[in-house]
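Peer 1: Take this structure first; my questions come after.
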Amino acid sequence: LFTALGASASTLGLIHEYMDIWYLFAALVVFPMLCNSAIRATGDTKWPSILMMISGLVNAVLDPILIFGWGPIPAFGIAGAAWATVGAWLFASATAFYLLWHREKLLVFALPPAGELFAVWRNVLVLAMPIALANMLGPVAIGALTAIVARYGEHAVAAFGVGGRVEAFSLVVAFAITAALSPYMAQNLGAGNRARANDALRNCVRFIVAFQLVAYAVLALLARPIVSIFSRDPMVVEVAVRYLYIMPLGVLSYAVIIVINTAFNAHHRSGRTLALSVFRVAGCVVPLSLAGSWAFGLTGVFAGAVTGNALAMVAAWMVYRRIEG
């Protein structure tokens, strides 16, 4: 997998050091997400946010200790970064479990009758499976773009990684909005207040567009000093700066798509979320990035991804307009 993404033989050993641990404890990533969603469903959006922030701080504290060592604690290097992440996940999982069990009283350890259990599973999976598959396509798109970028050398892959991490900060607001928008829209749709639900979506889209334009301006103006924090390699810096001049425009479109997909899910139309995600990745972003690479090189890859996300955003909005009435 990592060889296909452009990893060289010299880096595969480092990848194994980190990913072998990550894969072993990957379930700890999912558990706090599940618990936080249940807590939000009770109307409490504060504690899931606090929990994730504290978890991030735990990771930040453990990282230097386990990577470089401290006092009697030996240095674990790359593996230490993985163990620090596991520690943060474990903290988040334990705290979320405690909140669900002790405060919300949502956990019952007695099994219901098999028929009732399977009926609940079926109802959840009908909605959840398309959403899960759609979410899986995000990493698939990133992997495909990484493979395309890998044709231009390891410095291009490194720059792509730096740029992606920087622009990811601008998506935090979109994810925060969707966490609140989904239960809000679902509650209003269930109460028959379709106009109120649709107004919420439109206002969220307007805010996201305005925020992402401001974020793009900031990233474009400060691209070089920001990138220089992550790398001092001149080749990596130049490519990453070019990335931040172009790719955040695609993040604007992607952020709007995330919000619209949340609205589809609130309407119990998760199948459309999956269909549009497939269209975005397989029909727009990847083919246009390949075409851009062929025509304009690495800059064309970035421009193709931006164009693909914009086309997918327009398609998502047009499809939603058909069901919002």
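Only the coordinates and a few stated rules stand behind these numbers; no lab work does. These figures come from a predicted structure and were not determined experimentally. Here the Cβ is made from the backbone with ideal geometry for all residues, glycine too, and neighbour counts use every protein chain on show.
Peer 1: Show the residues, 5+ positions off or on another chain, whose built amide H is closer than 5 Å to the amide H of Asp233.
Peer 2: none
Peer 1: Select from Ala75, Ala303, Ala282 the residue whose mean-square fluctuation is largest in a Gaussian network model of the chain (Cα-Cα springs shorter than 10 Å).
Peer 2: Checking each option, the largest mean-square fluctuation is seen for Ala75.
Peer 1: Calculate I(q)/I(0) for the range 213-284 by the Debye formula, one identical point scatterer on each C-alpha and no solvent, and give its log10 at q = 0.17, 0.24 Å⁻¹ to two decimals.
Peer 2: Reported log10 I(q)/I(0), two decimals: -0.73, -0.96.
Peer 1: Another question, if that's okay. So, in nm, how far is label Lys105 from label Leu117 when the simple model puts each one 7 Å beyond its Cα toward the Cβ?
Peer 2: Between Lys105 and Leu117, the label points sit 2.4 nm apart.
Peer 1: Right, something else. Along its three principal axes, how long is the range 54-140 when you only count alpha carbons? Whole Å, largest extent first please.
Peer 2: Between the extreme Cα coordinates on each principal axis of the range 54-140 lie 55, 37, 20 Å.
Peer 1: Please sort by residue number the trypsin sites (Lys or Arg not before Pro) in the range 60-133 whose DSSP state is loop and whose Cβ has at most 10 other Cβ atoms within 10 Å.
Peer 2: Values: sites: Arg103, Lys105, Arg122; in loops: Lys105.
Listed in order of number, the matching sites are Lys105.
Peer 1: A further question on this structure: Under Stokes-Einstein, with the Kirkwood radius over Cα pairs standing in for Rh, what whole-number D in µm²/s applies to the chain at 20 °C and 1.002 mPa s?
Peer 2: Values: Rh = 21.8 Å.
In µm²/s, the coefficient rounds to 98.
Peer 1: Most fluctuating residue of Ala128, Ala150, Ala191 in a GNM of the chain with Cα springs under 10 Å: which is it?
Peer 2: Maximum fluctuation in the GNM of the chain, among the listed residues, is at Ala191.
Peer 1: List, largest first, the extents of the alpha carbons of the range 136-260 along their principal axes, each in whole Å.
Peer 2: 57, 29, 17
Peer 1: What shape does the range 29-176 take by its C-alpha gyration tensor, where a ≥ b ≥ c are the square roots of the eigenvalues and a/c under 1.5 counts as rounded, a/b above b/c as prolate, and the rest as oblate?
Peer 2: Details: a/c = 2.23, a/b = 1.35, b/c = 1.65.
Oblate, because a/c is 1.5 or more while a/b does not exceed b/c.
Peer 1: Where the convex hull is taken over the Cα atoms of the range 6-109, what is its projected area averaged over directions, in nm²? Could the numbers behind the result be given before it?
Peer 2: Values: hull surface 34.3 nm².
Its average projected convex-hull area is 8.6 nm².
Peer 1: Averaging the inverse of every distinct alpha carbon separation and then flipping it gives the Kirkwood radius. What is it for the range 110-167, in angstrom units?
Peer 2: So the Kirkwood estimate lands at 14.5 Å.
Peer 1: Turning to a different aspect of this structure: At 7 Å along the Cα-to-beta-carbon direction for both Phe169 and Glu154, put a label point, then send me their distance in nm to one decimal.
Peer 2: 2.7 nm
Peer 1: Related question: Quickly estimate the mean residue ellipticity at 222 nm for the chain, helices only: each DSSP H run with n ≥ 4 gives -39500 (n - 2.57), and the total goes over all residues, rounded to 500.
Peer 2: Mean residue ellipticity at 222 nm (helix-derived): -28000 deg cm²/dmol.
Peer 1: In whole Hz, with x marking every Gly and Pro, tabulate ³J(HN,Hα) for the range 102-118 from phi via Karplus 6.51 cos²θ - 1.76 cosθ + 1.60, θ = phi - 60°.
Peer 2: 7, 8, 7, 6, 9, 9, 10, 8, 8, 6, x, x, 4, x, 5, 4, 5
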